[in-house]
1. Residue check: is V36 over 14 Å from W6 (Cβ atoms) and over 11 Å from the mean Cα position of the chain (by Cα)?
2. Within the range 3-37, work out how many residues are free of Cβ contacts under 8 Å to residues at least 40 places away in the same chain, among the β-branched types (V, I, T) and closer than 21 Å to F51 by Cα.
3. Take the residues in the range 27-64 that are under 11 Å from V12 (Cβ atoms) and either touching a Pro at 6+ places or on another chain (Cβ under 8 Å) or of a type in the set (D, E, K, R) (or both); name whichever of them is modelled with the lowest pLDDT.
Amino acid sequence: MTKAIWWDGNSVTCVAHMGFTLKCELEAHPRRKKHVTTFGEAYLIPDYERFELVNLMGEELCETCAEKVDA
């Protein structure tokens, strides 16, 4: 299964590093592809954008995962 990648208004992030507010929104509304949080709007990156990002950034799209930072 491909890891879900989100744009949270500041960075490209995976579910594990997306922040508490967005995680709660995703649990309450798992099928939505766009959520509004206190920090702004976050959206699930569509496949065509993902493909472009992989070509630009490499396989690890989550910036936190790529930097090996514990959240």
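1. no
2. Residues that pass the stated criteria total 1.
3. Filtering first and then ranking leaves E60.
The values are calculated or read from the model by the stated rules, or taken from the named source; none is laboratory data. Since this is a predicted model, take the numbers as computed values, not measurements. All Cβ positions, glycine included, derive from the backbone under ideal geometry; neighbour counts span all protein chains shown.
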